[in-house]
């Protein structure tokens, strides 16, 4: 069964509903340039109130490693998601300093070589839609038919799929790409940072049934 990550959470009510509806992972954005930015202090307050230990993932964009690790420890993160221009040296250094799982986002462009990701020192690759003006959360999809076979071929047990997912298309995306997990933010929102309960519930249900 495909795992579901609800990302860009900014308040306890949405986080509690995500857990209640069956989300496997919760994403908190520590990039100050994001509309879904949440401070480490506020994130910790949310996590401390959750009824179960969920897979809490911090989203970072080109964050200095010392700062990233300090936030991860303070908040109590299970995983780290890198959504910037972090290179292999950065990830290798981070890998040597933490046991938390590492997700790295790759923005899919025409002629993108999925197999080129294989040697990166990370736990999970995340394939997202390319945007020249923002890091994720674009609400746009990439061509699943074109890249889905290669994603499943190279990463049958580890690939995250993101970019333009919503309750209406997530089942098709899963059938085509067969990812390990799907990651959604804007597709289940009423506005940036505020989740729509019905969309979130439907997304999780449709993903789990696919």
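No value in this document is a laboratory result; all are computed from the given coordinates. Because the structure is a prediction, the values reported are computed rather than measured. Don't worry about glycine lacking a Cβ; one is built from the backbone with ideal geometry, like all the others, and counts go over all protein chains shown.
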Specify the residue that is nearest to residue 28 (Cα to Cα); the eligible residues are those in the stretch 48-74 that are surrounded by 13 or more Cβ atoms within 10 Å (Cβ to Cβ) and over 17 Å from the mean Cα position of the chain (by Cα). 71
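Please specify each residue of the stretch 197-210 satisfying the condition of being in a helix (DSSP H, G or I) and touching a residue at least 40 places away in the same chain (Cβ under 8 Å). Don't jump to the end; show me each part of the working.
So in the stretch 197-210, the residues in a helix (DSSP H, G or I) come out as 197-209.
Passing the criteria: 197, 200, 201, 203, 204, 205, 207, 208.
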Given (1) farther than 26 Å from residue 10 by Cα; (2) touching a helix residue (DSSP H, G or I) at 6+ places or on another chain (Cβ under 9 Å), identify the lone condition not met by residue 70. (1)
Counting only residues in the stretch 1-23 that are in contact (Cβ under 8 Å) with a residue 12 or more places away in the chain and part of a helix (DSSP H, G or I), the one surrounded by the most Cβ atoms within 10 Å (Cβ to Cβ) is identified as 18
Those residues that are in contact with a strand residue (DSSP E or B) (Cβ under 9 Å, 6 or more places away or on another chain), within 20 Å of residue 38 (Cα to Cα) and in a helix (DSSP H, G or I), I need them from the stretch 158-196; list them, please. 188
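Check the stretch 98-111 and report whether any residue there is part of a helix (DSSP H, G or I), buried (at least 16 other Cβ atoms within 10 Å of the Cβ) and touching a helix residue (DSSP H, G or I) at 6+ places or on another chain (Cβ under 7 Å).
Taking the stretch 98-111 as the starting set, the residues that turn out to be part of a helix (DSSP H, G or I) are none.
No, the stretch 98-111 contains no residue that is part of a helix (DSSP H, G or I), buried (at least 16 other Cβ atoms within 10 Å of the Cβ) and touching a helix residue (DSSP H, G or I) at 6+ places or on another chain (Cβ under 7 Å).
Taking only the stretch 142-156 into account, find how many residues are part of a helix (DSSP H, G or I) and out of contact with any strand residue (DSSP E or B) (no Cβ under 7 Å at 6 or more places or on another chain). Before the answer, list the steps.
Our first condition is that a residue be part of a helix (DSSP H, G or I); within the stretch 142-156, this holds for 144-154.
Restricting the remaining residues to those that are out of contact with any strand residue (DSSP E or B) (no Cβ under 7 Å at 6 or more places or on another chain) gives 144-146, 148-150, 152-154.
Here the count works out to 9.
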